[in-house]
Amino acid sequence: MEQQLFAEIYDAHAGAVYAHAVRMSSDRHAAEDVVSLTFLEAWRLRATFDGVISPRAWLLGVATNVIRNTRRAARRHSEAMSRIPLADLIPDPSDEVVSRITDRARAAAALAALDRLRRSDREVIVLSVWSGLSHAEIAGACGIAEASVRSRLSRARKRLRELTAATLAAEPTAGHASVSRIAREGHL
């Protein structure tokens, strides 16, 4: 079948195929997909078209099969998705950090202490706490081993606690200035 003849068949019967698909699916958007798939399938089967007496009836038959196939695929997809176990919810570690840092001075001291950590330790703590990445994801992002992530994270947390406590003990009100400086510099 030549392209011009197929274009004429499309022009003559696309409306009928669309109306049939709307009636069968009760969904205009799905019907548009059915029309596309029907004519794609008709093009694929164009070698068998020569023996067709009524192109409209043949296209409506193809459309009916397309609708059946899409429904079957949707049903199978739904069934497959229902068999997948739901992932266990992993608590967000940033919620715990935020709940522990309850006042402004402590937050400012922690942010100031974060600036004083080694770059490598600061990277893993930021990726873990603020970005919520897993140890494996952090390892991939930093190009280091997962064991290195765990040790850096442990060291960074310990050092962050020490530096925060020292800052709070030295100047309890100094943290307020640090928050505004850090906010201005865009580290929040």
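The values are calculated or read from the model by the stated rules, or taken from the named source; none is laboratory data. Bear in mind that the values here come from a model prediction, so they are computed numbers and not experimental data. Cβ atoms come from the backbone with ideal geometry, glycine included; neighbour counts cover every protein chain shown. For accessibility, only protein heavy atoms count, side chains too; no ligands or nucleic acids. Shrake-Rupley method; radii C 1.70, N 1.55, O 1.52, S 1.80 Å.
Residues in the range 116-133 that are acidic (Asp, Glu) and open to solvent by less than 50 Å² (accessible area, probe 1.4 Å): how many? Qualifying residue count, the range 116-133: 1. Selection of the range 101-110 for residues being within 17 Å of Ala166 (Cβ to Cβ), assigned to a helix (DSSP H, G or I) and open to solvent by 20 Å² or more (accessible area, probe 1.4 Å) yields Arg106, Ala107. Remark: pairs (first residue in the range 63-78, part of a helix (DSSP H, G or I); second residue open to solvent by less than 60 Å² (accessible area, probe 1.4 Å) and of a type outside the set (A, V, I, L, M, F, W, C); Cβ separation under 7 Å; 6+ apart in sequence or on different chains) = Ala63/His20; Ala63/Thr38; Val66/Thr38; Val66/Glu41; Ile67/Ser25. Do we find that Ala136 is buried (at least 16 other Cβ atoms within 10 Å of the Cβ) and either of a type in the set (A, V, I, L, M, F, W, C) or modelled with pLDDT under 70 (or both) in this structure? Taking the combined requirement at face value, the residue does not satisfy it. Within the range 24-40, being surrounded by fewer than 16 Cβ atoms within 10 Å (Cβ to Cβ) and either modelled with pLDDT of 90 or more or among the polar types (S, T, N, Q) (or both) holds for Ser26, Arg28, His29, Glu32, Asp33, Ser36, Leu40. Screening Glu96, Glu162 for residues that are modelled with pLDDT of 80 or more, open to solvent by 50 Å² or more (accessible area, probe 1.4 Å) and among the acidic types (Asp, Glu) leaves exactly one candidate, Glu162. Each residue in the range 124-161 was checked for being part of a helix (DSSP H, G or I) and in contact (Cβ under 8 Å) with a residue 24 or more places away in the chain, and 13 pass. Do the conditions hold for Leu153, that is, is it at pLDDT 90 or above and out of contact with any Pro (no Cβ under 9 Å at 6 or more places or on another chain)? Yes; evaluated as a whole, the condition is true for this residue.
Residue check: is Ile182 part of a helix (DSSP H, G or I), at pLDDT below 85 and surrounded by 15 or more Cβ atoms within 10 Å (Cβ to Cβ)? So Ile182 passes the test.
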